[in-house]
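The values are calculated or read from the model by the stated rules, or taken from the named source; none is laboratory data. Treat the numbers as computed from the prediction; the structure is a model and nothing was measured. Here the Cβ is made from the backbone with ideal geometry for all residues, glycine too, and neighbour counts use every protein chain on show. What goes into the accessible areas is simple: the full protein's heavy atoms, side chains included, and nothing from ligands, DNA or RNA. Shrake-Rupley method; radii C 1.70, N 1.55, O 1.52, S 1.80 Å.
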Amino acid sequence: MGETHENLLNVDGLVKNYGKQRAVDHLSFSVNEGECYALLGPNGAGKTTTIEILEGLQHRDEGRVSIFGKDIKQNRTEILPHIGVQLQETVLYQKYTVKETLQLFASFFPEHVDLDSLIAKLDLDDVKDKRLQKLSGGQRQRVNVAVALINSPKLVFLDEPTTGLDPQSRRNLWDLIKQIKSENRSILLTTHYLDEAEILADRIGIMVKGRLIAEGSAKELVLKYCGAQALWFHFKEDCGSSAAQEDLFKLQTELPWLEKAKMKDGGFIATASVGVEAIQSLVRCTDKLGIKLTALELRDSTLEDVFLELTGRSYNDADQ
């Protein structure tokens, strides 16, 4: 492409409708050079639709999308050779070997990386002559990522790359994504996994029902919406019972910092700026009111707590 742009990707007021349903609702964000940006949200949030528009696979209804400073709609053929794409559901020809698959995709580009080096980098040497149908889930995902890197792209789209993988395969793929970023490539990552976003992303955008409701680094989001620590506690009865709700109301009258307590895992969770003091005040108050605590846990706040604070729901329980 020749030119250098600090923001390799800019999305401004993006809208996509499917009939009367709005899948993407005036979405705006950017991805900088050498940055991993995670677009996070539950099923139905609009992540995949957004990615497909940015990749040139779908048309937008409103808004602007520029990659390398050029509009994707008007400059698609110029932009595509310089981006890499790993789709959420990639269907490759299963009877080809790993090396044959990469040779096929390499033939689509006037320039491509050395295939043997790419195979080695993705730890595929031992299976390069195996047919895809014989590979494990983790190995297939590495092949999909290899296909996305074959043209040495400046911007890589990874759409839920670790979905369905076992924990070890997920961590292996995390190491690979970190390596891609270390090569000063930009990554737009979509994921269902909050820990994945916390570990890999420089910045995170949280999508709900087609809208971006929060953006920042994991640390910035946690401090802005939750505070450094979270305090979870459980009464004798589960949080949905009238007795537990009544006990919480009594505590909230005495302890104003509990006003934003949310239901979680059968108990309640609240943010605390000074966790030890929060525990002490909660224990004193429950003793005073004769309320029985059966469990108490203080931990660092996470993106799960951010999502709960913003939506009132746990991440996996959000509206689909």
- Query: Just a yes or no: is a residue in the range 5-23 under 18 Å from the mean Cα position of the chain (by Cα), among the small types (Gly, Ala, Ser), over 25 Å from residue 178 (Cα atoms) and outside any loop (DSSP other than H, G, I, E, B)?
  - Reply: yes
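Kindly indicate the residue of the range 93-128 that is among the acidic types (Asp, Glu) and closer than 14 Å to residue 142 by Cα and also surrounded by the fewest Cβ atoms within 10 Å (Cβ to Cβ) among those meeting that condition. Quick ask: steps written out before the conclusion?
Initial filter on the range 93-128 (among the acidic types (Asp, Glu)): 100, 111, 114, 116, 123, 125-126.
Keeping just the survivors that are closer than 14 Å to residue 142 by Cα gives 123, 125-126.
Values: 123: 14, 125: 12, 126: 10.
Across the range 93-128, the extreme among qualifying residues is 126.
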- Task: Only residues that are in a loop (DSSP other than H, G, I, E, B) and either modelled with pLDDT of 95 or more or aliphatic (A, V, I, L, M) (or both): list them for the range 36-67, please.
- Result: 45, 57, 60, 61
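Condition check ((1) hydroxyl-bearing (Ser, Thr, Tyr); (2) more than 30 Å from residue 23 (Cα to Cα)) across all residues:
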position	(1), (2)
197	no, no
209	no, no
212	no, no
221	no, no
226	no, no
233	no, yes
240	no, yes
273	yes, yes
286	yes, yes
- Message: Looking at 180, 206, can you tell me which residue is open to solvent by less than 60 Å² (accessible area, probe 1.4 Å), of a type in the set (Val, Ile, Thr), closer than 24 Å to residue 11 by Cα and assigned to a helix (DSSP H, G or I)?
- Response: 180
- Message: Condition (residue is open to solvent by less than 80 Å² (accessible area, probe 1.4 Å), in contact (Cβ under 8 Å) with a residue 24 or more places away in the chain, of a type in the set (Phe, Trp, Tyr) and in contact with a Phe, Trp or Tyr (Cβ under 7 Å, 6 or more places away or on another chain)) applied to the range 233-252: is it met by at least one residue?
- Response: yes
- Selected residue (only one of 312, 216 is modelled with pLDDT under 90, surrounded by fewer than 20 Cβ atoms within 10 Å (Cβ to Cβ), within 22 Å of the chain's Cα centre (by Cα) and not hydrophobic (A, V, I, L, M, F, W, C)): 312
